[in-house]
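The block underneath contains the structure these notes are about, expressed in structure tokens.
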Number of protein chains: 2
Amino acid sequence: VFAADARRWIVDVLAALGAPSSAAGHQADQLVEADLRDRPSHGIQRLPVLAERIRKGLIEPAAVPELEWLADAFLRVDGHFGLGPAVAVESLDALVARSHDTGVAMGAIANAGHLGMLAPYLERAVQAGVVMMAMTTSEALVHPHGGRVALIGTNPIGIGVPTGDGTPFILDMATGAISMGAVIAAAHRGERLPEGVAVDANGVPTTDPHAARAGAISPFGGAKGYGLGLGVELLVGLLSGTALGTEVRGTLDTEHPVTKGDLFVVVDPSVLRLEAVPGRAARFLAEIGRSPTAAGASTSVSTPGRRSRRTRAQRLAEGYDIPLAVVEQVRRMHDGLARGAVSA
Amino acid sequence: VFAADARRWIVDVLAALGAPSSAAGHQADQLVEADLRDRPSHGIQRLPVLAERIRKGLIEPAAVPELEWLADAFLRVDGHFGLGPAVAVESLDALVARSHDTGVAMGAIANAGHLGMLAPYLERAVQAGVVMMAMTTSEALVHPHGGRVALIGTNPIGIGVPTGDGTPFILDMATGAISMGAVIAAAHRGERLPEGVAVDANGVPTTDPHAARAGAISPFGGAKGYGLGLGVELLVGLLSGTALGTEVRGTLDTEHPVTKGDLFVVVDPSVLRLEAVPGRAARFLAEIGRSPTAAGASTSVSTPGRRSRRTRAQRLAEGYDIPLAVVEQVRRMHDGLARGAVSA
């Protein structure tokens, strides 16, 4: 499929379900961007879940987010259960504008649907010339270091830094060692997991994806990654007034209202009045990219966001595969809703 | 030794070298706090290096930091080469005060000496009721993921969150898999390193500490830890206008002016007007601490800062060991400087 076609299908489906064109567009962009970057778990395959959540009233596609500045540089957002990307983009744009005055601005979002990948928001910020950090909570799938019960989300962290040369630094990483989507995919394909990414129900490390589903995902990087993921859980949960641990729900299922939160920090480097900011970053990243590789490495040293950008450019030009079952499911929804919308 | 005695020695030495009592006290607190938490690499053993840097004019112990609000919530600090902890505490206190008005405040520090551990600053913030994030850059000792040359600092990240129950969440972690201090200590003791923490000069993973010194420390947690450490390098270096990569100098040596930077973010949760903030965090951390342990685990599940707090309490009450060579070195400095101060 081509991105433009996928985007149109998604917009049509969401519009038929009651989403205004702007909200539908932001949600469609987010699903398409994930597929363009080869992250299908956050791509168009999520559309049936989104549609089901809308039908059940768990998502209000026409919700108007409520933005309130609790202090000069602190924005609280109540998404009123709207589509996540629509709430996030409106919040981000408000933070970017404020950061020009205050230097730094923080936004804490509650009651917004799943945001999808963080990278597109980071890129939107970077294109506006600002630095951005983002964190969000998610369903408890990760065990604490030294523990065995899933109590912490895969809580991603994002960092975006403008470099001025068209290849910004974009880090978008979960604090779990693997995604549950990848565990489920391995189970379907009958493959083993890499070592060290999950434990079984008894807390024993396992490479069996079925055992991992009954157990928990491990934090990446041992005690440090655990500390970081827990730090994200606390920062986001407390500052956005949203749930912690096993009370986080409503991003993967079609049963529960969303209870996760999101935290954005935007910094306007122009307040520093430093000429050299973008050029320095680009030179440093280029130095890393040119540096000698590890023994046995088959590719040059990469920097965060670079590979994903190449994949995106190629898929945008040449199109990309999505599973036939997903295409057919989306087409059925599309045809059915179009008829429904006409008959309504 | 007992903490109070060690603190007095350090204050006396720094005072004799020209530090005002407040700056000497903050620096002494920082060295003593590291030893109390069993982090000797950041403890009193650093005093001879500090003294030598002062004698050479690389540290100006009586410097008055220059704090400038570039925007309502963005503070730039020029430490004028003063003692790191003195600059950091003054900056932090200004950020905490500002956060009551703006909700969030960021401080970017340049030209300040080595800060030491981040944990004491996080605790100072938490005691004032605010949430804090901290990042600093350091000498390039870590290779990029897939690379072999040390181009990135061990760049620590700190997160402090008040919990309201006397045991705040305090995460203070380097983004390198091991500290160079631990590598050097293993070399002195003739011990091997753990697997996966370093590479030799050819980029081959090694457990030989001598080979590691000639090579580079690995990022913790593979590609993700690499991305995070690089993100810290860019955020701190760009927003504080300080050096990147191999240009970062002057925290471990007695030759170079300091070129690293520090970044603090403070958030006042009281702007949220949420009653339950501290209690929720304490309950969640307690749930994690009570949760079932991994197979074969010998201790209960811990949360960041908890073990360090126990160690500190014990060492504060009972005293602690420091190597005789360090004691004698400090005593010689103390006696010599006291005589010099009298004779001058």
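Expressed as a fraction of 2.2 N^0.38 Å, the C-alpha radius of gyration for region A:244-325 is 1.75. Can you tell me what share of the DSSP beta bridges in region B:58-108 is antiparallel? A percent to the nearest 5 is fine. Approximately 60 percent, going by the DSSP bridge assignments. Given their separation in residues at 0.36 nm each and the Cα-Cα distance between them, A:Glu66 and A:His210 gain 47.6 nm when the chain is fully extended. Result for chain B in a Gaussian network model with C-alpha springs under 10 Å: among B:Glu247, B:Glu52, B:Glu287, the largest mean-square fluctuation is at B:Glu287.
In the assembly of identical copies, A:Glu68 has its label point, taken 7 Å from Cα in the direction of the beta carbon, separated from the corresponding points by 3.8 nm (ascending, one decimal). Over the Cα atoms of region B:158-281, each weighted equally, I'd like the Debye log10 I(q)/I(0) at q = 0.15, 0.17, 0.20 Å⁻¹, rounded to two decimals. Cα-only, vacuum Debye calculation for region B:158-281: -0.89, -1.02, -1.18.
Distance between the 7 Å Cα→Cβ label points at A:Gln314 and A:Ser21: 3.5 nm.
Of interest is the spacing of the C-alpha centroids, which for region A:299-340 and region A:88-127 amounts to 24 Å. Contact-buried residues of region B:82-125, at a threshold of 30 Å² lost accessible area versus the chain by itself: B:Thr102, B:Val104, B:Met106 (1.4 Å probe; DNA, RNA and ligands ignored). For the protein assembly as shown, with all protein chains present and a 1.4 Å probe, just round the carbon and sulfur fraction of the accessible area to a whole percent. Ligands and nucleic acids excluded, carbon and sulfur give 52 percent. The A:Ala201 and B:Arg283 beta-carbon pair, evaluated with R₀ = 25 Å, returns a calculated FRET efficiency of approximately 0.50. Straight-line reach from B:Lys224: taking Cα to Cα under 25 Å and skipping same-chain neighbours fewer than 8 places apart, the lysines in range are A:Lys224, A:Lys260, B:Lys260. Of all chain B residues, the one whose Cβ lies closest to the rotation axis that maps B onto A, given with that distance rounded to whole Å, is B:Gly221, 1. Most fluctuating residue of A:Ser41, A:Ser298, A:Ser138 in a GNM of chain A with Cα springs under 10 Å: which is it? Maximum among the listed residues: A:Ser298. Give me a comma-separated list of calculated 3J(HN,Hα) values for region A:200-211, in order, Karplus coefficients 6.51, -1.76, 1.60 applied at θ = phi - 60°, integers in Hz, x for any Gly or Pro. Working through the residues one at a time gives 7, 5, 8, x, 9, x, 9, 10, 8, x, 5, 5 Hz. Rounded to two decimals, what is Rg over Rh for the protein assembly as shown when you use alpha-carbon atoms and the Kirkwood radius? Looking at the protein assembly as shown, the ratio lands at 0.98. D for chain B, whole µm²/s, Stokes-Einstein with Kirkwood Rh over alpha-carbon pairs at 10 °C and 1.306 mPa s: what number? Reported coefficient: 75 µm²/s.
With label points set 7 Å from Cα along Cα→Cβ, the inter-copy distances at B:Thr254 are 7.1 nm, sorted shortest first. On a per residue basis, region B:1-85 carries 38 Å² of accessible surface, using protein heavy atoms and a 1.4 Å probe.
For A:Pro194, the label point sits 7 Å beyond Cα toward Cβ; its separations from the matching points on the remaining copies run 1.8 nm, from shortest to longest. Comparing B:Ala186, B:Ala108, B:Ala94 in a Gaussian network model of chain B, where Cα atoms under 10 Å apart are tied by springs, the biggest mean-square fluctuation is seen for B:Ala186.
Buried area at the B:A interface is about 6300 square angstrom, summed over both chains, from accessible surfaces computed with a 1.4 angstrom probe. Which whole-number percent gives the relative contact order of region A:90-204, counting Cα pairs below 8 Å spaced six or more residues apart? Averaging sequence separation for qualifying contacts and normalising by length gives 19 percent for region A:90-204.
Within region B:145-160, list the residues whose amide N lies under 18 Å from a label point set 7 Å along Cα→Cβ of B:His256. In region B:145-160, the label zone of B:His256 (backbone N under 18 Å from the point 7 Å along Cα→Cβ) covers B:149-156. For region B:9-105, the convex hull drawn through the C-alpha positions has a volume of 100 cubic angstrom per residue.
The values are calculated or read from the model by the stated rules, or taken from the named source; none is laboratory data. In this text the structure is predicted, and so the values were computed from the model without any measurement. We place every Cβ from the backbone using ideal geometry, glycine too, and count neighbours over all the protein chains shown. Side chains are part of the model used for accessible areas, which takes the heavy atoms of the whole protein and leaves out ligands, DNA and RNA. Shrake-Rupley method; radii C 1.70, N 1.55, O 1.52, S 1.80 Å.
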